[in-house]
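Data block below; observations after.
The values are calculated or read from the model by the stated rules, or taken from the named source; none is laboratory data. Owing to the predicted nature of the structure, the values given are computational and were not obtained by experimental measurement. Neighbour counts are summed over all protein chains in view; Cβ atoms, including those assigned to glycine, are modelled from backbone coordinates with ideal geometry. The accessibility values were calculated without ligands, DNA or RNA, using every heavy atom of the protein model including side chains. Shrake-Rupley method; radii C 1.70, N 1.55, O 1.52, S 1.80 Å.
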Amino acid sequence: MSDYRIQGATGEWEVVIGLEVHAQVTSNAKLFSGAATAFGAEPNTQVSLVDAAMPGMLPVPNMECIRQAVRTGMAIDATINRWSRFDRKNYFYADLPQGYQISQLYHPLVGEGAIEISPDDRNPDATKTIGVERIHVEQDAGKLMHDQHPTRSYVDLNRSGVALMEIVSRPDMRSPAEAGAYLRKLRAILRYVGSCDGNMEEGSMRADVNVSVRKVGDELGTRTETKNVNSVRFVMAAIEYEAKRQVEVIEDGGRIVQETRLFNVESGTTRSMRSKEDAHDYRYFPDPDLLPLELEEAFLADCRASLPELPDAKRKRYEGLGISAYQADVLTAEVEAARWFDALLEAGAKPVAAANWTTSELFGALNRTGRDIATSPVSPSQAAELLALVADGTLSGSLAKQVFEVMLETGDAPARIVEDRGLKQTSDTGAILAVIAEVIARSPNQLAQYRGGKETLFGYFVGQTMKAMGGKANPAVVNELLKKALA
Amino acid sequence: MSVDTATVKKVAALARIAITDEDAARLAPELSNILGWIEQLEGVNTAGVEPMTAVIPNQLRLRDDVIDADPLTGGGIRDALMANAPQAEHGFFTVPKVIE
């Protein structure tokens with residue numbers, strides 16, 4: 001368990017963290033209208049009369065949004081409520097033409113679930129379970145721009161009415177690292193399920209961070225809520241800052257006020273958003289425009305059947321194939337990489353060799369060339385071919401690296417590269433012996449020293465032989481023949 | 001339950017409805033009357049009765065995830081949308097500056 005503590009003047013303090021994550025549901029159209037959801041469109045071009053709250057318009061829920069929220073719930077083993085209902089959350093702001101957000105307070109679509117996290121990535125088997133209290137669906141608001149005009153704010157309603165899932169955790173996290181691990185795991189699950197693209201830069205995932213502090217073993221302290229933090233790193237920084245601030249306030253004899261705060265990206269600090277205090281009176285009530293949402297068993301069965309293998313199950317399966325826990329964790333962290341690796345295994349690659357090669361050679365090369373797996377110039381079947389050439393002795397490790405470099409540049413098949421450039425490894429003892437004889441003949445000093453007991457010179461002879469053979473000799477055969485020749 | 005003028009003013013402020021003191025003084029007893037009537041309804045024993053959501057048996061209809069399937073509830077109508085806006089500029093609605 002976490003031993004993260006804030007050292008105060010009066011002793012050690014424990015931090016208690018809960019996260020409310022807003023995840024944009026992947027769908028073509030909005031939650032209650034047919035307007036498009038795509039990011040980056042011209043302002044107000046993806047706004048229907050419903051989204052602009054014109055009088056007389058009625059919301060009709062998008063089935064796909066409901067389906068994606070249900071699938072997400074199933075992926076975290078949550079209760080799915082076959083009867084749920086929409087409520088109006090009333091507040092007045094320029095980004096919300098309806099004057100209320102349609103949300104689900106009293107009867108959310110998804111109930112209690114859980115997410116298993118590994119806060120220490122060097123030890124992925126040390127896990128902790130974080131409770132998820134609920135997931136409900138709701139509308140996003142529009143966007144305001146304040147820097148376009150000296151006295152006016154500009155309103156773009158393209159986001160207005162886009163479907164969000166609000167995923168509310170239990171206050172089960174005890175350190176910034178645990179909160180970071182929770183967010184990364186949640187993001188991975190959403191991306192495996194395909195219910196949210198997890199793109200934090202484009203605002204597809206934002207977190208409201210609830211933080212309180214207490215002396216170890218005490219009752220829960222008063223919490224503050226830092227709104228709309230949009231990266232894992234910022235969430236961790238906000239917790240760190242906010243926990244320290246709260247300890248200082250309490251130790252100076254003050255008390256924590258339950259309030260909404262804002263995170264400042266530049267300074268890494270949080271500040272109070274007092275002007276919105278009144279807005280907390282949301283006067284929720286059931287939305288009279290919408291009947292309760294009742295789901296059939298067949299719909300749920302269809303949702304369940306469409307779930308892919310999830311990160312935890314995949315990681316365990318990889319470990320069962322002999323892949324190390326660390327590599328299994330790295331391979332399953334991003335859904336695209338995991339699917340690529342699955343394709344590599346399907347193409348016949350041996351799991352352990354494939355995992356070693358993928359996590360070191362492939363990921364290393366992609367990193368170096370600023371690419372990701374989606375734009376990898378090497379396909380899983382080409383990689384399987386390369387690994388097969390290593391497995392059957394055609395290529396040595398170092399030749400495989402050379403071939404891989406060419407594959408990266410040209411996208412050619414490995415067998416063709418081996419053929420064209422004559423990179424085949426040779427185990428031809430006659431040829432190797434001839435080179436060894438030549439090397440020994442031109443190295444009388446080294447030979448005398450070696451025979452005199454300086455055994456480290458063996459490496460010199462291996463190097464010379466390999467060099468003379470253009471790196472194409474089978475290293476195992478070279479070693480064996482050299483030992484005999486030098487004895 | 002009776003509503004005082006301070007509550008009336010608070011609710012009006014939350015809804016951004018400007019009312020005068022006279023309005024508030026007139027509305028307070030009106031709202032109190034309405035709430036009194038609701039209190040009377042609460043006297044009915046509804047134990048074991050499911051809340052009624054519609055007067056005819058009806059199911060919530062869901063729409064398919066198709067963009068602009070119905071022109072009346074689709075996007076791409078910016079000009080029509082802005083036609084009655086008091087002040088629109090460069091494709092945006094504009095409002096008096098609201099900033100934290």
> Do we find that B:ILE67 is open to solvent by 70 Å² or more (accessible area, probe 1.4 Å), β-branched (Val, Ile, Thr) and touching a strand residue (DSSP E or B) at 6+ places or on another chain (Cβ under 8 Å) in this structure?
Replying inline: yes
> Within the range B:43-100, which residues are within 7 Å of chain A (Cβ to nearest Cβ) and of a type in the set (Gly, Ala, Ser)?
Replying inline: B:ALA54, B:ALA69, B:GLY74, B:GLY75, B:GLY76, B:GLY91
> Among the residues of the range A:12-24, is there at least one that is open to solvent by 10 Å² or more (accessible area, probe 1.4 Å), acidic (Asp, Glu), within 21 Å of A:ASN81 (Cβ to Cβ) and within 14 Å of chain B (Cβ to nearest Cβ)?
Replying inline: no
>> Restricting to the range B:17-30, give me the number of residues that are within 14 Å of another protein chain (Cβ to nearest Cβ) and surrounded by 10 or more Cβ atoms within 10 Å (Cβ to Cβ).
In response: 1
> What are the pairs, 6+ residues apart or on separate chains, where a residue within the range B:27-55 that is more than 21 Å from B:LYS10 (Cβ to Cβ) has its Cβ under 7 Å from a residue that is at pLDDT 90 or above?
Replying inline: B:THR53/A:LEU291; B:THR53/A:PRO292; B:ALA54/A:LEU291
>> If I filter the range A:32-49 down to residues being more than 8 Å from chain B (Cβ to nearest Cβ) and more than 29 Å from A:GLY111 (Cβ to Cβ), which single residue comes out as most open to solvent (accessible area, probe 1.4 Å)?
In response: A:PHE39
> Where residues in the range A:439-475 are of a type outside the set (D, E, K, R) and in contact (Cβ under 8 Å) with a residue 40 or more places away in the chain, which of them is most open to solvent (accessible area, probe 1.4 Å)?
Replying inline: A:PRO475
>> Suppose the filter is within 14 Å of another protein chain (Cβ to nearest Cβ) and part of a loop (DSSP other than H, G, I, E, B); does A:SER195 pass it?
In response: yes
> Within the range A:50-92, which residues are open to solvent by less than 50 Å² (accessible area, probe 1.4 Å) and at the interface with chain B (Cβ under 7 Å from one of its Cβ atoms)?
Replying inline: A:VAL50, A:ALA52, A:VAL60, A:PRO61, A:ASN62, A:GLU64, A:ILE66
> What's the number of the condition A:GLU219 fails, among (1) over 15 Å from the mean Cα position of the chain (by Cα); (2) surrounded by 18 or more Cβ atoms within 10 Å (Cβ to Cβ); (3) of a type outside the set (Gly, Ala, Ser); (4) closer than 21 Å to A:SER169 by Cβ?
Replying inline: (2)
> Out of the range A:93-119, which residues are of a type in the set (A, V, I, L, M) and either more than 12 Å from chain B (Cβ to nearest Cβ) or not in a loop (DSSP other than H, G, I, E, B) (or both)?
Replying inline: A:ILE102, A:LEU105, A:LEU109, A:VAL110, A:ALA114, A:ILE115, A:ILE117
> Given the conditions (1) away from chain A (no Cβ under 14 Å); (2) in contact (Cβ under 8 Å) with a residue 12 or more places away in the chain, which single one is not true for B:LYS9?
Replying inline: (1)
> Which residue, of A:ASP197, A:ASP156, A:ASP172, is in the same structural domain as A:GLY221 (by TED's automatic domain parsing) and closer than 30 Å to B:ALA85 by Cβ?
Replying inline: A:ASP156
> Is it the case that some residue within the range B:89-99 is part of a helix (DSSP H, G or I), open to solvent by 70 Å² or more (accessible area, probe 1.4 Å) and closer than 30 Å to A:ASN28 by Cα?
Replying inline: no
>> Quick check on the range A:157-196: of everything there that is within 17 Å of A:VAL229 (Cα to Cα) and among the acidic types (Asp, Glu), which residue is surrounded by the fewest Cβ atoms within 10 Å (Cβ to Cβ)?
In response: A:GLU166
> Among (1) away from every other protein chain (no Cβ under 11 Å); (2) open to solvent by less than 30 Å² (accessible area, probe 1.4 Å); (3) of a type in the set (Ser, Thr, Tyr), where does A:THR129 come up short?
Replying inline: (2)
> Are any residues in the range A:393-438 acidic (Asp, Glu), open to solvent by less than 80 Å² (accessible area, probe 1.4 Å) and part of a helix (DSSP H, G or I), and if so, which ones?
Replying inline: A:GLU405
